[in-house]
Amino acid sequence: MSERLVIVTDAWMPQVNGVVRTFQNLIGELEGRGREIELISPLDYRSAPMPSYPEIRLALTRPKSVLARLEALQPAYIHIATEGPLGIMARRACLKRGWAFTTSFHTRFPEYLRERAPVPLGLTYGWLRRFHAAATHCLVPTQSISDELARRGFDNLRVWTRGVDRTLFRPRQGADLGLPRPVFASIGRLAVEKNVEAFLDLDLPGSKLVVGDGPARASLEKRFPEAHFVGAKVGEDLAFHYAASDVFVFPSRTDTFGLVLLEAIASGLPVAAFPVPGPLDVIGATGAGVLDADLRAASLAALAMGRIDPDKALGGFTWQACADIFEDILTPIIDRASAGASVSLAPRGVSTPKIA
């Protein structure tokens, strides 16, 4: 068996989200270390838009097609990144063949779904618990998410940190957007679960800047005409908008991490957020902001902090550290596979979850 690594993900380009950015950076780091990576994503198949999220496309294929692809690749290690159609079919293939695999938990889909339909959290978390139970490890982005999932009956959890591109996201002296100062910025997807209206409702001095796009944009622009909506930005343009702001306001209560927090801190911005998983871990570890159930109070206190020194604040939040943890987890599995060990990781009673 080769030492090829296969990553199966339902989230991939052209999507712009934390899952995609995480695996783009992880793959870059691993390939730079000489690892051979194969990706299975919706780009490999016909696809259809996800209801209510048309920019997210779901692969249209059959389990035997995914099984055949994995058999042809003969990987030493399989990581299932998402719980979507491809993730479900890859998991089924691994259980059928007794292949080692890990999974990762990126998105609080139960909370997202509850925002749209009266689906009990216990039902969806039960499904997710069964999905991840058969993996060697389920990788989670923060300790507080790990603790929360453990309380919900998940086990085999490993904390897997995130990083930020310090070359792109950095303080830029004199950066200015021509808006009245101070500029309070919210950057990210505009959807109901991101709670952006909690930011836009705040009584704050200066300007409110909203960078991002999504299904809620039209209604938010109509309700909050005084805010400055500039759409989605990428690369240098995105980095400039961070650096030209004064405070980063993160109103989400449901993110599992929030890569934008690291991007803001790397750009020198103090962060204002609710004391919830993600901000608790990032701001708690860096001291680069204020957490408060009163988001206005947090925003004004963050403004009073002034600019953040990224070198002092960011510490171990690097893509190198992210890749190190991933390699620490995969290496024993690859070693066993290379030695010809037969490893079946499906505990008794674990079955492939079915979508109702």
Exercise. Filter the range 170-202 down to residues that are of a type in the set (Gly, Ala, Ser), surrounded by 17 or more Cβ atoms within 10 Å (Cβ to Cβ) and under 12 Å from HIS228 (Cβ atoms), then give me how many there are.
Key: 2
Exercise. Please indicate, with yes or no, whether at least one residue in the range 153-169 is buried (at least 22 other Cβ atoms within 10 Å of the Cβ), of a type in the set (Lys, Arg) and modelled with pLDDT of 95 or more.
Key: yes
Quiz item: Can you tell me how many residues in the range 243-299 are closer than 17 Å to PRO141 by Cβ and basic (Lys, Arg)?
Solution: 1
Quiz item: Can you spot a residue in the range 225-234 that is within 30 Å of GLU29 (Cβ to Cβ) and crowded, with 23+ Cβ neighbours inside 10 Å?
Solution: no
Quiz prompt | Residue check, SER144 polar (S, T, N, Q), surrounded by 15 or more Cβ atoms within 10 Å (Cβ to Cβ), within 19 Å of GLY289 (Cα to Cα) and in contact with a helix residue (DSSP H, G or I) (Cβ under 7 Å, 6 or more places away or on another chain) | solution = yes
Quiz item: Only one of (1) surrounded by fewer than 24 Cβ atoms within 10 Å (Cβ to Cβ); (2) in contact with a Lys or Arg (Cβ under 8 Å, 6 or more places away or on another chain); (3) of a type outside the set (D, E, K, R) is not met by ILE80, so which one is it?
Solution: (1)
Practice problem: Would you be able to tell me the number of residues in the range 169-190 that are under 22 Å from GLY235 (Cα atoms) and either assigned by TED's automatic domain parsing to the domain that holds PRO54 or in contact (Cβ under 8 Å) with a residue 40 or more places away in the chain (or both)? | Solution: 15
Exercise. Please enumerate the residues belonging to the range 95-127 that are farther than 26 Å from PRO51 by Cβ and touching a residue at least 60 places away in the same chain (Cβ under 8 Å).
Key: LEU95, GLY98, TRP99, ALA100, PHE101, THR102
Practice problem: Would you please name the residue that is farthest from ASP203 (Cα to Cα), looking only at residues in the range 277-317 that are touching a residue at least 60 places away in the same chain (Cβ under 8 Å) and assigned to a loop (DSSP other than H, G, I, E, B)? | Solution: GLY316
Quiz item: Consider PRO54 against the criteria (1) surrounded by 15 or more Cβ atoms within 10 Å (Cβ to Cβ); (2) under 20 Å from the mean Cα position of the chain (by Cα): it satisfies all of them except one. Which criterion is unmet?
Solution: (1)
Quiz prompt | Sole exception among (1) within 15 Å of HIS106 (Cα to Cα); (2) in a loop (DSSP other than H, G, I, E, B) for HIS132, by number | solution = (2)
Quiz item: Would you say THR107 is buried (at least 23 other Cβ atoms within 10 Å of the Cβ), under 17 Å from the mean Cα position of the chain (by Cα) and of a type in the set (Val, Ile, Thr)?
Solution: no
Exercise. Any chance you could count how many residues in the range 87-128 are in a helix (DSSP H, G or I) and closer than 30 Å to ARG35 by Cβ?
Key: 13
Quiz item: Going by the structure shown, is ALA90 crowded, with 23+ Cβ neighbours inside 10 Å, among the aliphatic types (A, V, I, L, M), more than 20 Å from ASP255 (Cα to Cα) and touching a residue at least 60 places away in the same chain (Cβ under 8 Å)?
Solution: yes
Quiz prompt | Entirely in the range 26-86, the strands (runs of 3 or more DSSP E) that have 2 or more residues that are of a type in the set (D, E, K, R) | solution = 53-59
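The values are calculated or read from the model by the stated rules, or taken from the named source; none is laboratory data. On a predicted model such as this, the values are computed, not experimentally measured, just so you know. So basically every Cβ, Gly included, is an ideal-geometry build from the backbone, and we count neighbours across all protein chains shown.
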